[in-house]
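Just below is one structure, and these are the notes that go with it.
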Amino acid sequence: MEECMTDRGDRFDHPLLERYASKEMASLFSPRMRHGTWRDLWIALAQAEHDLGFPVRRDQVDDLRQHRETFDWQRVAELEKELRHDVMAHVHHYGELAKQAKPIIHLGATSCFVTDNADLIIYRKALSLVEQRLCAVLMALRDFAVTHRAMPCLGYTHFQVAQPVTVGKRACLWALDFLLDLDEVRRVIEWLPFRGVKGTTGTQATFLALADGDHEKVLELDRRVTKAMGFSRGIAVSGQTYTRKLDWTVHQALSGIAQSASKFATDLRLLSHEGEIEEPSESKQIGSSAMAYKKNPMRSERVCSLSRYVIEAANTSAHTASTQWLERTLDDSAIRRIALPESFLCVDAVLSLVHNVSQGLVVYPKVIEKHLREQLPFLATEEILMAGVRAGGDRQDLHERIRVHSRAAAYAVKAEGRDNPLLQLIEADPAFAGIRAQLPNLLDASRFIGRAPQQVDAFVRDELEPRLRGAVAKAGEEIRV
């Protein structure tokens, strides 16, 4: 409930609202949005009931519309304290405002007519905002990938040095995860059904009584309200509530985004440690209150932190769906009010952060080249071996010599802290005299990146661009704190 408070110093401030999520996402889960949507549902129900000959007059529908925007939050709080029922508190308050319509507000409906349907409406709006945030992220990663499509860098498996890739190709790995999330969010938006006009236990019995036993009229009432609220279809059957599997499906989509974001941010934290790529930072940003030299990947760390919450919170929807009793039980209510809105707020914050970071990624080519230079002699040994054989050398002899030189070079690097001497050791070995002039070319990093640049081009052209064509992208608010 909204409260008028002059001093908030003695109240818990939710970090998602005060520090992380955008005002746009927060407003979708505000009391005004939620209870305004309830009123839209009561208006749509009354309108359809009037049109189909139920005992609802035109002036009563007009009365509901006239008072749709008027809320006295203090009065609602008083009514809820007295009635111990949030929906009935709003029914009574609306009736106090729209006096002509008071007798027919909520006619034939159960509380879940407004609570469940409103949740689905809000979730779909929130998913649409998430879709726009994802598009903004993908556009930023696309631009970064194209810019660095052919810049060789060390690849890592197990966070151990592996065959080189390119900076742009690695960005495509991040983008692919988010692209799969975009596909899923769009699927859920399109698929998400409306609960509709189903009655107390889902049988529509009360509406059938109001329609004097006319089954077709009840079906038409359901269809009209569903269409009026912007949905193309309703759920086929329900108990008092829609199946909580719908919540799980929504939560899965949010969890998927959190997984992608955490992977991206974790990779960036590792690369920041290596000094190769960093997130942007402000000129006066402080990394540590004690260690003045520090510049920490705080945005990426925040992404990981918030993402962790979403991944875990999604499990609550699984537990809720699996423990519903028969036509319904109320142990779903409190957790749904917390876990789903908070997950949307977290994902909103996460995607705003990921977009901010992706747009401002700082690449250090000299460090990347240095790391490549240190490791390429090891990575190039197979090329050197093959070149030596082509020049007439004995494969087994050359292999053994490379093995011995590699061990010596590794010892020099690790035990003595020296630069990698492997190339010099091979150059000085008479067995490799025939290819000595070729050795610098054999250590050209671009020889080891395979089709990475072409893969970037194809991924952007064939996967990213078609999904982003005509898309609306929203980057979120300026990153705070």
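The values are calculated or read from the model by the stated rules, or taken from the named source; none is laboratory data. Because the structure is a prediction, the values reported are computed rather than measured. As a convention, Cβ positions derive from the backbone with ideal geometry for all residues, glycine included, and neighbour counts pool all protein chains shown.
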Exercise. Being exposed (fewer than 15 other Cβ atoms within 10 Å of the Cβ), within 30 Å of THR241 (Cα to Cα) and within 34 Å of the chain's Cα centre (by Cα), is that true of even one residue in segment 356-369?
Worked result: no
Exercise. So GLY230 fits all but one of (1) out of contact with any helix residue (DSSP H, G or I) (no Cβ under 6 Å at 6 or more places or on another chain); (2) in a helix (DSSP H, G or I); what number is the exception?
Worked result: (2)
Problem set entry | Tabulated pairs, segment 332-347, first at pLDDT below 95, second among the charged types (D, E, K, R) and in a helix (DSSP H, G or I), C-beta under 8 angstrom, 6+ apart or interchain | ARG336/ASP119; ARG336/ASP247
For this session: Could you look through segment 157-186, keep only residues that are free of Cβ contacts under 8 Å to residues at least 24 places away in the same chain and outside any loop (DSSP other than H, G, I, E, B), and pick out the one that is nearest to SER307 (Cα to Cα)?
Result: LEU173
Seminar exercise, completed: Exactly one of ASP59, ASP63, ASP72, ASP116 is over 30 Å from ALA475 (Cα atoms) and either surrounded by 20 or more Cβ atoms within 10 Å (Cβ to Cβ) or among the small types (Gly, Ala, Ser) (or both), and that one is ASP63
For this session: Keeping to segment 234-280, report how many residues are β-branched (Val, Ile, Thr) and either on the phi > 0 side of the Ramachandran plot or not in a helix (DSSP H, G or I) (or both).
Result: 5
Exercise. If you scan segment 431-464, which residues turn out to be without any contact (Cβ under 8 Å) to a residue 24 or more places away in the chain, under 16 Å from LEU176 (Cα atoms) and not hydrophobic (A, V, I, L, M, F, W, C)?
Worked result: GLN454, ARG461, ASP462
For this session: Take LEU141 and decide whether it is on the phi < 0 side of the Ramachandran plot and under 20 Å from the mean Cα position of the chain (by Cα).
Result: yes
Problem set entry | Within segment 91-105, tally of residues that are out of contact with any Leu (no Cβ under 8 Å at 6 or more places or on another chain) and either touching a residue at least 60 places away in the same chain (Cβ under 8 Å) or within 17 Å of ARG32 (Cα to Cα) (or both) | 2
Exercise. Which pairs have Cβ atoms under 6 Å, sit 6 or more apart or on different chains, and link a residue in segment 241-256 that is under 26 Å from GLY199 (Cα atoms) to one that is in a loop (DSSP other than H, G, I, E, B)?
Worked result: THR241/ARG328; TYR242/ARG195; TYR242/ILE235; ARG244/GLN324
Seminar exercise, completed: Just one listed residue, out of GLY213, GLY234, GLY230, is within 21 Å of ALA321 (Cβ to Cβ) and of a type outside the set (Asp, Glu), and it is GLY234
For this session: Considering every residue within segment 27-41, establish whether at least one is touching a residue at least 12 places away in the same chain (Cβ under 8 Å), crowded, with 19+ Cβ neighbours inside 10 Å and either of a type in the set (A, V, I, L, M) or over 30 Å from GLN204 (Cα atoms) (or both).
Result: yes
For this session: Could you list, in sequence order, all residues of segment 108-164 that are within 16 Å of ASN356 (Cα to Cα) and among the β-branched types (Val, Ile, Thr)?
Result: VAL130, VAL137
Exercise. On the given criteria, is ARG224 in contact with an Asp or Glu (Cβ under 9 Å, 6 or more places away or on another chain), under 30 Å from ALA473 (Cβ atoms), of a type in the set (Lys, Arg) and part of a helix (DSSP H, G or I)?
Worked result: no
Problem set entry | Selected residue [within 26 Å of the chain's Cα centre (by Cα) and buried (at least 16 other Cβ atoms within 10 Å of the Cβ)] from LEU129, LEU79 | LEU129
Problem set entry | Condition check for GLN252: modelled with pLDDT under 95 and polar (S, T, N, Q) | no
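Listed here are the residues, each with its yes/no results for (1) closer than 30 Å to ARG299 by Cβ; (2) surrounded by fewer than 21 Cβ atoms within 10 Å (Cβ to Cβ); (3) among the hydrophobic types (A, V, I, L, M, F, W, C).
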position	(1), (2), (3)
THR201	no, yes, no
ALA205	no, yes, yes
LEU208	no, yes, yes
HIS215	no, yes, no
LEU254	yes, no, yes
Exercise. Does ARG19 count as under 36 Å from the mean Cα position of the chain (by Cα) and within 19 Å of LYS99 (Cβ to Cβ)?
Worked result: no
Seminar exercise, completed: Within segment 330-355, the residues that are crowded, with 24+ Cβ neighbours inside 10 Å, hydroxyl-bearing (Ser, Thr, Tyr) and closer than 23 Å to LEU246 by Cα are SER343
